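The values are calculated or read from the model by the stated rules, or taken from the named source; none is laboratory data. Here the structure is a predicted model, which means the values were calculated and not measured. Cβ placement follows ideal geometry from the backbone for every residue including glycine, while neighbour counts extend to all protein chains displayed.
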Ligand SMILES: C[S@@+](CC[C@H](N)C(=O)[O-])C[C@H]1O[C@@H](n2cnc3c(N)ncnc32)[C@H](O)[C@@H]1O
C-alpha cells in the first residue's frame, strides 16, 4: 500500500484521533507558550502547519490566537484527504499535498510548525522547510527521534506485530473456524497449528509491554469468541472479517515502520540545521525533549528564527 493511502486509511479509522489527543496533551503547554510569543510579535502571521493531521497544533494556534485577539492566516497541509477533512470546521486554508513537494514560494510563511509530521516525508522534506521562512519568521517543529522513547515503543510494537504476521495467526484461526463449520471431521491438525502460533504470539506479547500487546490481546479475545461461538457466525461474513484483521495488522506494522524510518538520529538532526542555514535561516537549534518522569529523550525540538 502506498504511503498516502495508508495514512488516509489511518485517518478514517478510530485510532488516529486518540493518538492526536495523546500528542496534544504531551506538548500543549510548549506549543501554547511558543505560539503566544509568536502571535504577540506578529498577530497577523501567515502560518504553515506541515503534515498537520487533524490539526492538533493548529487547534492550539486557533485557541491561543482567539485568546489574544490575533488573526493569523493559517494554512494546513497533509498528504491524507481524510485528515484534511477533519479540519472542515476550522478557520484555516487546507491543502492535500505531499510535504516533499509543497507548492509555496520561498519566504512565504512567518510561522512554520509541525508535530511528528513533516519528517514522514523524509529528511529532505524537513530540510527544505527552511526555504519557506520569511524575514522575521519563526519555526518550531517537534520530530521523531531515533532511539527515543517513542521509537522504542514502536520497536516493541513491531516485535509483537511481526510475530502476528510471521505466524500468520489470523489464518490459523480462520483454518480452525472453517474446519469447525465445514466438516464433521476432527480439527486436531488445525487446532495444533493454531496453538503453536498462539504460543509464539503470546511469548512476544509477554516480552513487550506496549500498545501492540493490547491490540494482540483484543485480537485473541475476538478470535476466541469466534471459535467458541462458531455456530453463530456465517463463513461468508467471517472471510472478510479475517481479511480485515490481517489488513489491520499489516497497516499497524506499516505505520510503525514508517515512524522508525522517519526518526532522526543526532547526525541527521544536525544536517537538517545545516541545510536550513544554507537556505538563509539565521538562527536555528535542535534540542532533545525529555518528558517529565522519563530518563530518556522522546523527540527533537527544532527551532528557527530569521532576522527582520
Ligand atoms: C503522526 S501524524 C501527526 C499529525 C499531526 N501533526 C499531529 O500532531 O497530530 C503524521 C502525519 O503526517 C502525514 N504525512 C505522512 N506522510 C506525509 C507526506 N509525505 N506529506 C505530508 N503529510 C504526510 C500523515 O497523514 C499524518 O497526518
Query raised in the report: Just one of the numbered conditions (1) more than 22 Å from residue 210 (Cβ to Cβ); (2) buried (at least 22 other Cβ atoms within 10 Å of the Cβ) is not true of residue 157; which one?
Result: (1)
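Among the candidates 57, 75, single out the residue that is modelled with pLDDT of 95 or more and within 18 Å of residue 102 (Cα to Cα). Full working, then the answer.
Working: 57 fails: within 18 Å of residue 102 (Cα to Cα).
Answer to the selection: 75.
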Query raised in the report: Considering 19, 54, which residue is in a helix (DSSP H, G or I) and surrounded by 15 or more Cβ atoms within 10 Å (Cβ to Cβ)?
Result: 19
**Report entry** Scope the range 51-78; condition in contact with a strand residue (DSSP E or B) (Cβ under 7 Å, 6 or more places away or on another chain) and near the ligand (Cβ under 8 Å from one of its atoms); matching residues
**Finding:** 51, 52, 53, 55, 56, 57, 77, 78
Report summary line: When the range 32-44 is checked residue by residue, the ones that are under 23 Å from residue 86 (Cα atoms) and buried (at least 23 other Cβ atoms within 10 Å of the Cβ) are 35
Query raised in the report: Any chance the range 89-98 includes a residue that's closer than 18 Å to residue 23 by Cβ and crowded, with 24+ Cβ neighbours inside 10 Å?
Result: no
Query raised in the report: Just to be sure, is residue 230 closer than 27 Å to residue 161 by Cβ, at pLDDT below 90 and surrounded by 15 or more Cβ atoms within 10 Å (Cβ to Cβ)?
Result: no
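Please verify whether the range 13-26 includes one or more residues that are within 13 Å of the ligand (Cβ to nearest atom) and over 13 Å from the mean Cα position of the chain (by Cα).
Within the range 13-26, one or more residues are within 13 Å of the ligand (Cβ to nearest atom) and over 13 Å from the mean Cα position of the chain (by Cα).
For the subset of the range 38-50 comprising residues that are outside any helix (DSSP H, G or I) and farther than 22 Å from residue 103 by Cα, which member is nearest to the ligand (Cβ to nearest atom)? Reasoning before the result, please.
Narrowing the range 38-50 to residues outside any helix (DSSP H, G or I): 42-50.
From the residues that got through so far, the ones that are farther than 22 Å from residue 103 by Cα too are 42-43.
Working: 42: 22, 43: 24 Å.
If we take residues in the range 38-50 being outside any helix (DSSP H, G or I) and farther than 22 Å from residue 103 by Cα, then 42 is nearest to the ligand (Cβ to nearest atom).
Which ones in the range 100-120 are under 22 Å from the mean Cα position of the chain (by Cα) and closer than 26 Å to residue 29 by Cα?
112, 113, 114, 115, 116, 117, 118, 119, 120
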